């Protein structure tokens with residue numbers, strides 16, 4: 001990839017109120033302007049035909065390619081049929097094409113993709129197992145015969161223990177997401193152009209952007225936690241039944257606000273990686289790309305999340321059953337009401353299942369996010385023309401993969 005934002009010239013983003021730098025038919029100037037070269041005598045409407053060579057009649061221009069909205073007049077004239085140098089056709093994409101593009105990337109570059117996801121998943125699972133086995137305290141015992149005040153105290157202790165246990169796991173997950181997002185974004189951007197990419201290539205391109213991506217990865221959960229804290233804290237400070245009810249209501253409102261913000265900023269990571277923007281600039285970029293398409297973006301993200309959860313469950317459930325069968329003490333503790341003491345067999349078997357599930361779901365999730373970003377730029381900024389030129393598709397200019405204006 002070059003030093004310019006994404007696949008276009010620096011600062012090129014109509015979503016930011018700037019010119020896209022994409023070739024466009026020249027518009028006629030105002031009659032009073034000095035640049036007008038249009039003839040004052042024009043043929044009657046509906047009788048204009050393309051210029052002919054040596055008097056020979058040329059066939060009429062073909063209709064717009066499917067998927068370009070041929071029913072909208074004057075919107076896509078002059079565009080050739082959509083090229084497909086890589087995993088997606090270079091035109092506005094449907095939901096199925098976005099999902100298919102993510103899966104096609106996994107198939108086309110499986111060595112690189114699995115090299116990234118398996119390596120990151122294995123390291124993160126080993127860290128999770130070691131933290132859970134040696135660093136986390138044992139969960140507090142729950143007395144079923146406790147008085148109401150003791151039961152409340154036990155519930156608070158259990159909640160604190162659960163939050164403490166989630167902390168290291170959340171940090172490990174954030175780091176794993178950081179590396180997979182960075183590397184897979186490079187792989188997917190190359191696959192759109194039909195170019196090969198190795199793990200070394202992906203790392204060399206992604207490494208300079210890791211500090212900014214880390215800031216973005218930390219900022220979004222911190223923003224969500226701050227919003228939720230502000231919403232529920234007043235009710236908790238009251239300590240009454242009315243205060244608890246207020247916390248529940250404001251907590252639900254906070255969930256809606258967080259969901260709206262997360263969808264609005266869902267394209268920030270590919271904008272940061274592919275356009276080489278800063279953290280705040282990438283958030284603004286994502287907000288402007290999603291503007292007017294929030295519900296569509298939400299639907300695609302929700303569908304992807306549902307599919308990845310189903311795939312993860314299909315893989316994880318058999319491994320969990322095998323782990324319980326192998327580790328008999330954990331199985332007996334689970335049904336006796338005691339806190340199960342998970343041994344090494346259980347942790348290792350479930351860890352293997354998590355690695356396999358992550359190796360499949362990470363590329364799909366990252367692929368959908370990057371392709372959704374590309375789709376929005378195609379719809380708003382005609383990025384498909386720049387992509388076709390960068391891929392060296394005939395008829396889209398003189399750019400070649402080695403040129404500074406066409407590298408990606």
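Length gained on full extension, residue 242 to residue 352: 35.0 nm, using 0.36 nm per residue less the C-alpha separation. May I ask you to list the residues of segment 268-293 whose amide nitrogen lies under 13 Å from a point 7 Å from Cα along the Cα→beta-carbon direction of residue 226? It comes to 280, nothing else. Annotation for residue 296 and residue 233: the two label points, set 7 Å from Cα along the Cα-Cβ direction, are 3.9 nm apart. Taken along its three principal axes, the alpha carbon spread of segment 179-267 comes to 61, 22, 14 Å, from the longest extent down to the shortest. A Förster radius of 25 Å, combined with the Cβ-Cβ distance separating residue 379 from residue 260, puts the computed FRET efficiency at roughly 0.75. Highest mean first, the peptides 215-228, 375-388, 248-261, 111-124 sorted by other C-beta atoms within 10 Å per residue fall in the order 375-388, 111-124, 215-228, 248-261. Extension gain, residue 322-residue 95: 0.36 nm per intervening residue step, less the Cα-Cα distance, totals 78.1 nm.
A Cα-only calculation for segment 205-327 places Rg and Dmax at 19.1, 55 Å.
Read-outs: derived from the displayed coordinates by stated rules, not from any lab. Just so you know, these numbers come straight off a predicted model, no measurement behind them. As a convention, Cβ positions derive from the backbone with ideal geometry for all residues, glycine included, and neighbour counts pool all protein chains shown.
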